[in-house]
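Notes follow once the structure below has been shown.
Just so it is clear, none of the values below were taken in a lab; they were calculated from the coordinates. All figures in this text were calculated on a predicted structure; none of them were measured in a lab. Here the Cβ is made from the backbone with ideal geometry for all residues, glycine too, and neighbour counts use every protein chain on show.
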Amino acid sequence: MTSAGDLYPRDWALQPPALTQGYKTSVSRAPRYALISLQNTVSELTGPVFGPEDVAAGDNDLLTNFAQPGESPIGERIILHGRVLDENARPVPNTLVEIWQANAGGRYRHKKDTYLAPVDPNFGGCGRTLTDENGAYHFRTLKPGAYPWRNHLSNWRPGHIHFSVFGTSFAQRLVTQCYFEGDPLIPLCPIVQTVPDQAAIEDLTAKLDLKATLPLDSIAYKFDIVLRGRRSTPFETRPEGN
Amino acid sequence: MPQMLSYLRETASQTAGPFVHIGLAPGAAGFEIYRRELGRDIAGPNAMGERIRVEGTVIDGMGAPIKDALLEVWQANAAGHYAHPQGGGPVEAGFRGWGRVITDFETGEWEFDTVKPGATRGRDGAAQAPHIVLWIVARGINIGLTTRIYFDDEAEANAADPILNLIEWENRRATLLAKQSLRDGAPVYRFDIRLQGENETVFFDI
């Protein structure tokens, strides 16, 4: 890593505020005081390092990683791929990417999910992988279904896949959700709408990527993820001033 | 437009939702899928230093413990080194200094076992008091909350800590102090996180 400077301060115009009235659960879980802004120390600039010993080869194939031998989960087979980059457009290699999602009927394999749609005996709903040297990742899975949730009684979540990404600094830690191009539920969703910037919402929407399709097998979507970038500057801020 | 800036936009955060366990702790969701879940052992078997337990709750604005949160821990070893190429020095084999903790579905209590971290170097060479970085996600939390656990038996180091001293309201610094007690002769630190209300925990924009 050539750039050892601080991370760029987070652009809060792109990030959801803690308190978002339309997403009701945030009301009692949003801190009321302002965050205290820190200049990065070693505690924030470092972060956990993962390697090939942490993941198995098939962990990124959700069509097979929980299925009975010879069986397959029900749903639209997709490849979801993209790159993890930083704000300087540099690839972030060897970083852990984890995903989780509902099945094609909109039901999660979780003991607290009680939605009417059935669990799929061949679908766990989670996967993980490391990015390659170019920051690229890919998963094979199925397109998750929409499901209703208790917020307003008319709220349905658009089909989405949850992402967790690390980067090289704990201050880059990100969880987000990936939506799918063309879903009419996206602009109606109170969770999507916590993001205050329309372009940032567009960035959360995976694009149909016909060129990456596996012919006669799986359709493909592309979803790139951007983590905070780091300064690389010939001038250091010295305590006594420059 | 030769001066056009070409920075990419940071991807926006979205809540981890109530079913975060499926992705990050599937055993807790109710099924086994991976050869090994990540983040179960923070310090490893070879770590030097004092073995401690840290426990607490995450309390919402109604005063109720949150039962669907996931917390991640990031800490140095007893020598003050992080397990990272720029972490300040070597760490013991098997020490990762990172872990995942979930709140109990019935009680909201969380706990983890680790070693007490040492002082770390701060900016400009000033020492930082021993602390653990904590990152909290849950349903209703739109972007992960970051705070720090300090230790109430480190009064001298805490008084000199540059980050604690950055908090203008001195009475709020106490929200970052875990309180030590002994249980069967072993040190246990209590750290309750309050998202709102009286004694709201200090959270950082890092």
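Odds and ends about this structure:
- Relative to the current alpha-carbon distance between B:ARG190 and B:GLN86, full extension at 0.36 nm per residue lengthens the span by 34.4 nm.
- By other beta-carbon atoms within 10 Å, ranking B:MET4, B:MET48 with the fewest at the front produces B:MET4, B:MET48.
- Measuring nothing but alpha carbons in region B:64-106 and taking Rh as the Kirkwood radius, the Rg to Rh ratio lands at 1.18.
- Among A:LEU214, A:LEU153, A:LEU45, residue whose mean-square fluctuation peaks in a GNM of chain A (springs only between Cα atoms under 10 Å): A:LEU153
- Of the peptides B:36-45, B:142-151, the ranking by mean beta-carbon count within 10 Å, highest at the top, reads B:142-151, B:36-45.
- Listed residues B:ARG100, B:ARG53, B:ARG183, most fluctuating in chain B (Gaussian network, C-alpha, under 10 Å): B:ARG183
- Peptide A:101-109 has a mean of 2 when you count, residue by residue, the C-beta atoms of other protein chains within 10 Å of its C-beta.
- Principal axis analysis of the Cα atoms in region B:72-133 yields extents of 44, 25, 16 Å, listed in decreasing size.
- Rounded to the nearest 20, the size of the Cβ-charge dipole of region A:98-242 about its Cα centre is 480 debye, with Lys and Arg at +1 and Asp and Glu at -1.
- Highest average first, the peptides B:13-20, B:198-205, B:108-115 ordered by how many other beta carbon atoms sit within 10 Å of their residues are B:13-20, B:108-115, B:198-205.
- Considering only A:VAL42, A:VAL175, A:VAL119, the Gaussian network model of chain A with Cα springs below 10 Å gives its largest mean-square fluctuation to A:VAL42.
- Normalised contact order of region B:134-206, rounded percent, pairs of Cα under 8 Å and 6 or more residues apart: 31
- Förster radius 35 Å - calculated FRET efficiency between A:ASP11 and B:GLU50, Cβ distance, rounded to 0.05: 0.30
- Whole-angstrom Cα spans of region A:13-166 along principal axes, big to small: 53, 44, 25
- Shape class of region B:87-206 from the alpha-carbon gyration tensor: rounded, with the ratio a/c of largest to smallest axis under 1.5.
- Each DSSP beta bridge with both residues in the protein assembly as shown is either parallel or antiparallel, and the antiparallel ones are about 75%.
- A dipole drawn for chain B from +1 and -1 charges on Cβ atoms has a positive end, and of B:GLY61, B:PHE105, B:TRP135 the residue lying farthest that way is B:TRP135.
- The mean number of partner chain beta-carbon atoms within 10 angstrom of a residue's beta-carbon across peptide B:33-41 is 4.
- Under the convention that each Lys and Arg Cβ holds +1 and each Asp and Glu Cβ holds -1, the size of the dipole of chain B around its Cα centre is about 520 debye.
- For chain A, averaging the sequence separation of C-alpha pairs within contact (under 8 Å, six or more residues apart) and dividing by the residue count gives a relative contact order of 27 percent.
- Tensor-based shape of region B:11-150 (alpha-carbon gyration tensor, a/c under 1.5 rounded, otherwise prolate or oblate): prolate
- For residues of B:79-88, the mean tally of beta carbons on other chains within 10 Å: 4
- Listed residues A:ASN40, A:VAL27, A:GLY58: farthest to the positive end of the dipole of region A:1-61 (Cβ charges): A:VAL27
- Partners for A:LYS24 among aspartates and glutamates (Cα-Cα distance below 17 Å; same-chain residues under 8 apart left out): B:ASP60, B:ASP68
- Across chain B, the mean sequence separation of Cα contacts (distance under 8 Å, 6 or more residues apart), normalised by length, yields a relative contact order of 23 percent.
- Under 23 Å of direct C-alpha separation, and excluding same-chain neighbours fewer than eight residues apart, A:LYS143 reaches these lysines: A:LYS111, A:LYS112, A:LYS207, A:LYS211, A:LYS222.
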